[in-house]
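Heads up: the structure comes next, in structure tokens.
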Amino acid sequence: VIVLIGFMGSGKTMAGRVLAQKLEVEFVDTDALVEDESGMPVADIFEREGETGFRAREADAARAVLGDKVPRIVALGGGAPAQEEIRALLSRPGVVTTYLKVSLDEVRRRLGDDDARPMLQVADLEKLFDERRGIYEGVADVTVDTDGRGPEDVADEIARRAGHGLPIEVRTSGGTYPVYVGDGIAHRAAELTPGFQRVEQALVITHADLADHVAPVRDALGEAGIEITVAEVPDGEAAKSVEVAARLWERCAEISLHRGDLVVGVGGGAVTDLAGFVASTFNRGVAVLHMPTTLLAQVDAAIGGKTGINLGVGKNLVGTFHQPVAVVCDVATLATLPTEEVRAGLAEVVKYGFIMHPEVLEEVESSAERLLAKDAVALAAAVRRSVAAKAEVVSADERERDVRAILNYGHTFAHAIETLSGHGSWRHGDAVAVGMMAAAYLAHELGRIDDGAVALHRRVLERVGLPVRADLELDALEEAWKRDKKYERGVRFVLLASIGRAESGIAAPRDAVAAAVERLKT
Ligand SMILES: NC(=O)c1ccc[n+]([C@@H]2O[C@H](COP(=O)([O-])OP(=O)(O)OC[C@H]3O[C@@H](n4cnc5c(N)ncnc54)[C@H](O)[C@@H]3O)[C@@H](O)[C@H]2O)c1
């Protein structure tokens, strides 16, 4: 739940409405709720029942909307946080209290002489303002300045900084876990981890270059009384080896990591895949918290519970399903990411647009520059949407028996490209982009999609600077496909039936595949 507090005129209702629309949840204004319940405007309640009567009604409303755990955005009346009972509700886990700060001058400008606001009629407005400010500051988790800003702008900042108040839930056979998306939330790692109070120690698996991103996690866990061991692993794919996994198992044994303890993966998909794998195998399963630091890992690798390491003969050949206890996607960590890595992650973001939610494509097209420039508002929105898409698919099919296979859109070609070129020479996201282009050509060859859909692939991918051409040989691709773990008496493709609707397990005649591969050269 995100709760908006602030003085009258701070724009809680307007910003709250815009925010609710952006985050696709309901918006509740406690003043409006009180008016509905009582059948009277606030001013009349003050007149008939006095402030005491109003406050009692306000507390009832706050209890109702903060007590039922329904994800929503709540705007509290300006005086509500002055009530101790309401402050107690605000301090509950899962409530992110956001203070919309406004100056008294701005309040006067915005409200003028609003007769419907009884508190505006008090003799000493300045005194009231100062008193309330202290209260707001005392309970706020996040403070947003609103002077001179419109609701749209304010809502964007709230979504970016307080979005973790509305985690995305992934439903699995073992229960539901939250994925938090926000800017600067790594230092909340402990409180965002369900059951952290029971954890005695944590093994943090990361890469040496990411020390700055590990620091807030380390502090957060330390402050929660958790003993921390940091294990640094090699960069990139080199981390996903049997040798590195074995070293980490031994480390777990040396520090006597128990089943109630925690493994934390802080890094890109390579680190989270490895951390998940080690956590799932040591002691037959220890809890893992993922703190992905690349766009690709935030929108894809860290969500869904697939873990894996590589063998000399192929990638991800050894692995498990092991769902994390939570995933914390702090978009602040993406600030240090090279642009090529942002672009690679965008390939997966775009994928969700093609296979499920076409509106993602519009969003990427309209905010391409901001995304590539690592604008935190644009990134937070893209990560949130992508996580929601992946969560939807994983929740429907945790073990990839059917529906989940659509997430491999573009990946049949991509994996073959990566295998043929020797892993590491093609960036995964680039291979996926080319793979999606190939899948579009193939779907077109089979009469499944029209010219417009093919052109849309090319346009969106090029818009973010992803490649759409490759010089590939079908014979070589077929060799690679035969070795793929998803090979099942022939290669199967994920193809679109239309933009936003994908189907998996599709066999295609060789000449159609050959034609698609040819078109990829142009
Ligand atoms: N489990 C799954 O469902 C799943 C899904 C997709 C991909 N994956 C796996 O994910 C891996 C790819 O993930 P990736 O693209 O994140 O690669 P990666 O983990 O290799 O990270 C890419 C590079 O970025 C660096 N980096 C990470 N965070 C950074 C930051 N904040 N600032 C600067 N540099 C940073 C890393 O050190 C590395 O050099 C592959 O191994 C792939 O198999 C897994």
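The values are calculated or read from the model by the stated rules, or taken from the named source; none is laboratory data. Please read all numbers here as calculations on a predicted model, not as lab measurements. Note that we place each Cβ from the backbone using ideal geometry, even for glycine, and neighbour counts take in every protein chain shown.
For PHE7, the conditions (1) part of a helix (DSSP H, G or I); (2) within 19 Å of GLU137 (Cβ to Cβ) all hold with the exception of (1). Checking GLY465 against (1) under 21 Å from ARG427 (Cβ atoms); (2) part of a helix (DSSP H, G or I), which single condition isn't satisfied? Result: GLY465 fails condition (2) only.
Pairs are defined by a Cβ separation below 8 Å, a sequence spacing of at least 6 or placement on different chains, a first member in region 327-348 that is in a loop (DSSP other than H, G, I, E, B), and a second member that is more than 7 Å from the ligand (Cβ to nearest atom); the pairs so defined are LEU337/LEU295; LEU337/LYS374. Restricting to region 483-505, and then to whatever is of a type in the set (A, V, I, L, M) and at pLDDT 95 or above, can you tell me which residue is farthest from GLU362 (Cα to Cα)? Among them, the one singled out is VAL494.
Just one of the listed residues (ARG469, ARG510, ARG427, ARG458) is in contact (Cβ under 8 Å) with a residue 60 or more places away in the chain and surrounded by fewer than 19 Cβ atoms within 10 Å (Cβ to Cβ), namely ARG427. Are any of the residues in region 74-81 surrounded by fewer than 22 Cβ atoms within 10 Å (Cβ to Cβ) and not in a loop (DSSP other than H, G, I, E, B)? For region 74-81, residues surrounded by fewer than 22 Cβ atoms within 10 Å (Cβ to Cβ) and not in a loop (DSSP other than H, G, I, E, B): absent. What tally of residues in region 276-292 results from selecting those that are within 19 Å of LEU210 (Cβ to Cβ) and more than 8 Å from the ligand (Cβ to nearest atom)? Of the residues in that region, 7 qualify. The set of residues in region 246-268 that are buried (at least 20 other Cβ atoms within 10 Å of the Cβ) and more than 13 Å from the ligand (Cβ to nearest atom) comprises LEU248, CYS252, LEU257, ASP261, LEU262, VAL263, VAL264. Determine whether ASP273 is within 7 Å of the ligand (Cβ to nearest atom) and under 15 Å from the mean Cα position of the chain (by Cα). No: the conditions fail for ASP273. Is it the case that VAL360 is in contact with a Lys or Arg (Cβ under 9 Å, 6 or more places away or on another chain) and either in a helix (DSSP H, G or I) or surrounded by fewer than 19 Cβ atoms within 10 Å (Cβ to Cβ) (or both)? For VAL360, the condition - in contact with a Lys or Arg (Cβ under 9 Å, 6 or more places away or on another chain) and either in a helix (DSSP H, G or I) or surrounded by fewer than 19 Cβ atoms within 10 Å (Cβ to Cβ) (or both) - is met.
Count, please, the residues in region 293-347 that happen to be within 25 Å of LEU420 (Cα to Cα), hydrophobic (A, V, I, L, M, F, W, C), in contact with a strand residue (DSSP E or B) (Cβ under 6 Å, 6 or more places away or on another chain) and within 10 Å of the ligand (Cβ to nearest atom). Within region 293-347, residues that are within 25 Å of LEU420 (Cα to Cα), hydrophobic (A, V, I, L, M, F, W, C), in contact with a strand residue (DSSP E or B) (Cβ under 6 Å, 6 or more places away or on another chain) and within 10 Å of the ligand (Cβ to nearest atom) number 1. Restricting attention to region 499-522, the residues being touching a helix residue (DSSP H, G or I) at 6+ places or on another chain (Cβ under 8 Å) and either at negative phi or in a loop (DSSP other than H, G, I, E, B) (or both) number 16. Cβ separations smaller than 9 Å between residues 6+ apart or across chains give the following pairs from region 19-47 residues that are in contact (Cβ under 8 Å) with a residue 60 or more places away in the chain and more than 20 Å from VAL96 (Cβ to Cβ) to residues that are part of a helix (DSSP H, G or I) and acidic (Asp, Glu): PRO41/GLU35; VAL42/ASP31; VAL42/GLU35.
Just so you know, in region 133-176 the residues that are part of a helix (DSSP H, G or I) and among the small types (Gly, Ala, Ser) include one that is nearest to the chain's Cα centre (by Cα), and it is GLY163. For region 217-235, the criterion of being part of a helix (DSSP H, G or I), touching a helix residue (DSSP H, G or I) at 6+ places or on another chain (Cβ under 8 Å) and surrounded by fewer than 23 Cβ atoms within 10 Å (Cβ to Cβ) is met by at least one residue.
Being in contact with a Ser or Thr (Cβ under 8 Å, 6 or more places away or on another chain) and modelled with pLDDT under 95 is a description that applies to ASP402. Residue selection: ALA239 satisfies the criterion of being within 16 Å of the ligand (Cβ to nearest atom), buried (at least 17 other Cβ atoms within 10 Å of the Cβ), more than 20 Å from the chain's Cα centre (by Cα) and free of Cβ contacts under 8 Å to residues at least 60 places away in the same chain.
Whether any residue in region 279-302 is in a helix (DSSP H, G or I), among the hydroxyl-bearing types (Ser, Thr, Tyr), within 25 Å of ASP397 (Cβ to Cβ) and more than 13 Å from the chain's Cα centre (by Cα) is what I want to check. Explain how you work it out, then say what you get.
Going residue by residue through region 279-302, those that are in a helix (DSSP H, G or I) are 279-284, 295-301.
The next check asks that each one be among the hydroxyl-bearing types (Ser, Thr, Tyr); those that pass are 280-281.
Then drop every residue that is not within 25 Å of ASP397 (Cβ to Cβ), which leaves 280-281.
Those still in the list that are more than 13 Å from the chain's Cα centre (by Cα) too: 280-281.
Within region 279-302 (the criterion being in a helix (DSSP H, G or I), among the hydroxyl-bearing types (Ser, Thr, Tyr), within 25 Å of ASP397 (Cβ to Cβ) and more than 13 Å from the chain's Cα centre (by Cα)), the answer is yes, since at least one residue qualifies.
When you check ARG57 against the structure, is it surrounded by fewer than 18 Cβ atoms within 10 Å (Cβ to Cβ) and either free of Cβ contacts under 8 Å to residues at least 60 places away in the same chain or over 30 Å from ALA378 (Cα atoms) (or both), yes or no? For ARG57, the condition - surrounded by fewer than 18 Cβ atoms within 10 Å (Cβ to Cβ) and either free of Cβ contacts under 8 Å to residues at least 60 places away in the same chain or over 30 Å from ALA378 (Cα atoms) (or both) - is not met. Within region 86-105, being surrounded by 14 or more Cβ atoms within 10 Å (Cβ to Cβ), assigned to a helix (DSSP H, G or I), at pLDDT 95 or above and more than 24 Å from the chain's Cα centre (by Cα) holds for ILE86, ARG87, LEU89. Do the conditions hold for MET356, that is, is it farther than 27 Å from ALA238 by Cα and either within 15 Å of the ligand (Cβ to nearest atom) or in contact with a Gly (Cβ under 8 Å, 6 or more places away or on another chain) (or both)? Criteria met by MET356. A single entry from ASN283, ASN310 fulfils the requirement of being in contact (Cβ under 8 Å) with a residue 40 or more places away in the chain, of a type in the set (S, T, N, Q) and out of contact with any Ser or Thr (no Cβ under 6 Å at 6 or more places or on another chain): ASN310. For region 468-482, the criterion of being assigned to a loop (DSSP other than H, G, I, E, B), at pLDDT below 95 and under 30 Å from GLU363 (Cβ atoms) is met by none of the residues.
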